[in-house]
Amino acid sequence: MTAHISTVAFQGIEALPVDVQVQISSGMVAFTIVGLPDKAVAESRERVSAALRSVGLALPAKRITVNMAPADLPKEGSHYDLPIALGLLSAMGILPNDYLAQYFVVGELGLDGSLASISGALPAAMAANARGKGIICPALCGSEAAWAGEEVDVLAADNIIQIVNHFKGTQVLSRPHPALSAKQPIMPDLSDIKGQEAGKRALEVAAAGGHHLLMVGPPGAGKSMLASRLPSILPDMDAKEMLEVSMIASVSGEIRDGQLSAKRPFRAPHHSASQAALVGGGLRANPGEMALAHNGVLFLDELPEFQTRALEGLRQPLETGETVIARANNHVTYPAAFQLVAAMNPCKCGMAGEPGHVCKRGPKCASDYQARISGPLLDRMDIQIELPAVRASDLALPSPKENSSHVAIRVTKARQRQRQRFLDMGLPHLRLNAQAEGAVLEQIANPQPDALALLSKASDAMNLSARGYYRVLKVARTIADLAGHDEVQKIDIAEAISYRQQLASFSLAA
Ligand SMILES: Nc1ncnc2c1ncn2[C@@H]1O[C@H](COP(=O)(O)OP(=O)(O)O)[C@@H](O)[C@H]1O
Ligand SMILES: [Mg+2]
């Protein structure tokens with residue numbers, strides 16, 4: 001008799017159904033697993049037989065064959081232990097196969113029969129739900145799997161004995177509850193920053209519209225400080241955004257204690273990060289930093305120090321909102337709609353343009369350094385600001401009264417205006433001005449005549465590209481939203497242009 005157990009194979013955040021077939025037949029004693037298993041799956045034989053032995057369920061001295069269909073789909077990871085073990089128990093007549101057929105099964109076994117947590121419990125539970133099935137998973141992943149929906153039957157066990165007892169009716173496993181991380185992360189506050197009013201304002205505008213931000217300034221100006229305070233002024237994610245983020249976090253094994261968090265991701269990879277670390281890849285096509293920053297912020301400090309290849313790898317996701325990892329026989333796509341925040345010194349020694357500073361290497365110091373960032377990448381940064389060094393007189397001032405929670409209220413209001421406008425226009429997939437393109441942007445950012453005149457004059461004078469022109473319009477729409485203007489006014493356009501002018505002076509300094 002052949003037992004069938006359903007499980008999944010992950011391709012990015014997609015969980016594809018896999019049928020684990022277990023057959024016990026007479027013949028030479030053997031235990032073989034076929035169906036493109038990787039090393040972790042092949043080793044599952046040892047774990048499964050040891051685990052069953054330790055709970056007093058020895059394998060029969062017969063020929064055991066495990067096949068995982070479809071045969072051409074690679075099976076990677078350690079979550080196949082439990083489906084194989086339950087398949088064996090079913091083929092041995094210990095568990096009823098028709099009961100098990102109502103579940104997807106995932107879990108890694110220890111030698112003592114205990115169940116260890118696995119990555120991907122959430123997408124697996126979603127896939128089970130989409131097919132009208134329940135899920136059997138380790139207890140440690142139970143509350144994560146429970147997020148897939150109230151109607152999903154989640155059986156979360158500490159060890160294999162509990163599962164056997166549950167099906168025998170001697171012990172009932174209760175359904176775990178979806179858990180939200182109650183821990184409020186301690187976030188640095190904007191009120192720690194003295195002076196730098198222009199920098200704070202730019203951060204607020206960037207947060208309100210989801211715009212990419214570039215900060216240029218000498219070392220110690222407070223660039224890293226400002227960027228690390230962005231999460232404190234961003235609103236929490238809604239349920240849909242949280243599930244999208246959690247699917248990616250789940251696949252990369254980043255969900256702790258099965259608890260999801262509504263806080264937006266803030267990823268700050270070091271500048272030594274490789275292209276693969278940013279884009280994703282490796283043996284299992286794991287998500288990279290860009291995908292992990294989905295719906296949140298990707299902060300690249302010391303931008304020119306990143307490898308050129310890594311920086312160029314940013315361009316496509318910035319345009320399409322997803323990363324694509326090419327593999328031998330297919331490719332894996334992850335959502336990666338992040339807000340890019342970058343910081344850099346104006347030159348290698350960091351002091352170009354500082355009053356009273358003369359660099360020994362002359363203007364070449366700045367031009368060589370800035371040339372590491374390609375024009376197209378620079379063009380995608382909507383808001384570009386120069387942060388001058390803080391003056392000692394600013395540092396001596398008392399801390400500002402306004403803190404992150406005040407700014408967060410304005411940001412949230414501006415975001416709500418944008419969301420409502422998109423909903424009114426019948427575009428529920430858009431949330432932020434930064435996502436609006438072409439005709440939609442022209443419709444929402446309808447400047448008053450004098451504002452339009454200013455924009456045309458400035459774009460001629462500054463030689464703005466078409467992309468540059470639309471980026472100014474986008475940022476101006478956000479500034480108007482922060483101010484509560486229905487139409488984009490001249491003052492909104494003027495501020496948006498000022499965030500673009502930095503680019504002009506920045507390249508002139510080179
Ligand atoms: N505006 C400021 N207000 C208060 N402290 C500041 C300010 N700017 C810089 N600092 C101090 O200087 C340190 C270095 O700032 P940092 O953000 O790392 O500079 P950068 O990234 O521009 O080189 C901070 O840890 C902080 O102690
Ligand atoms: Mg820094």
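No lab work stands behind these numbers, since they all come straight from the coordinates. Here the structure is a predicted model, which is why all the values come from computation and not from measurement. Cβ atoms come from the backbone with ideal geometry, glycine included; neighbour counts cover every protein chain shown.
Things to note:
- With θ taken as phi - 60° and the Karplus curve 6.51 cos²θ - 1.76 cosθ + 1.60 applied, the whole-hertz 3J(HN,Hα) list for the range 13-18 is 8, 8, 10, 8, x, 10 Hz, x standing for glycine and proline.
- Shown here for the range 147-253: GluC sites (Glu not before Pro) in loop regions (DSSP other than H, G, I, E, B) with at most 16 other Cβ atoms within 10 Å, namely 150, 151.
- Mean Cβ count within 10 Å, highest first, over the residues of peptides 471-481, 110-120, 278-288: 471-481, 278-288, 110-120
- Counting only Cβ charges, +1 for Lys and Arg and -1 for Asp and Glu, the dipole size of the chain around its Cα centre is about 600 debye.
- Counting other Cβ atoms within 10 Å as a rough exposure proxy, the listed residues 2, 7 run 2, 7 from fewest neighbours to most.
- For the chain, calculated [θ]222 nm from helices alone, where every DSSP H run of n ≥ 4 adds -39500 (n - 2.57): -11500 deg cm²/dmol
- Extension gain, residue 158 to residue 116, is 14.3 nm, computed as 0.36 nm per intervening residue step minus the present C-alpha separation.
- In this structure, the pairs whose alpha-carbon distance is over 27 Å, taken from 348/457; 183/240; 401/474; 75/240; 401/457; 223/457, are 348/457; 401/474; 75/240; 401/457; 223/457.
- Span per principal axis, largest first, for the Cα atoms of the chain (Å): 86, 51, 45
- Relative to the dominant Cα principal axis of the chain, helix 81-91 is inclined by about 30°.
- Residue 76 long-range amide H proximity, modeled H, under 5 Å: 10
- Relative contact order of the chain, pairs being alpha-carbon contacts under 8 Å that are 6 or more residues apart, as %: 13 percent
- Residues of the range 165-194 with amide N under 17 Å of a point placed 7 Å along Cα→Cβ from residue 397: 190-194
- Pairwise centroid distance, computed over Cα atoms, of the range 68-146 with the range 197-214, Å: 46 Å
- A cut-off of 5 Å between modelled amide H atoms, ignoring neighbours fewer than 5 places along the same chain, links residue 280 with 288, 289.
- Here the spin labels are modelled as points 7 Å beyond Cα on the Cα-Cβ line, and at residue 307 and residue 1 they lie 5.5 nm apart.
- Model label sites at residue 201 and residue 442, defined 7 Å from Cα along the beta-carbon direction, differ in position by 3.1 nm.
- Shown is the FRET efficiency for residue 14 and residue 494, computed with R0 = 35 Å from the Cβ-Cβ distance and rounded to the nearest 0.05: 0.15.
- Label-to-label distance for residue 348 and residue 419 is 4.8 nm, based on points extended 7 Å past Cα in the beta-carbon direction.
- Those trypsin sites (Lys or Arg not before Pro) in the range 91-181 that DSSP places in a loop and that have at most 16 other beta carbons within 10 Å: 131
- Residues whose amide H falls under 5 Å from that of residue 104, counting only those 5 or more places apart or on a different chain, are 134, 135, 136, with hydrogens built in the peptide plane.
- Chain lengthening between residue 322 and residue 42 when straightened (0.36 nm per residue, less Cα-Cα): 97.5 nm
- In a fully extended conformation the segment linking residue 329 and residue 165 would gain 54.9 nm over its present Cα-Cα distance, using 0.36 nm per residue.
- Net charge dipole size for the range 2-179 [Lys, Arg +1 and Asp, Glu -1 on Cβ; Debye, nearest 20]: 540 debye
- Lys/Arg +1, Asp/Glu -1 at C-beta; the chain dipole; positive extreme among 12, 65, 303: 303
- Between the range 369-447 and the range 1-30, the C-alpha centres lie 50 angstrom from each other.
- Relative contact order %, the range 4-129, counting alpha carbon pairs below 8 Å whose residues are six or more apart: 34 percent
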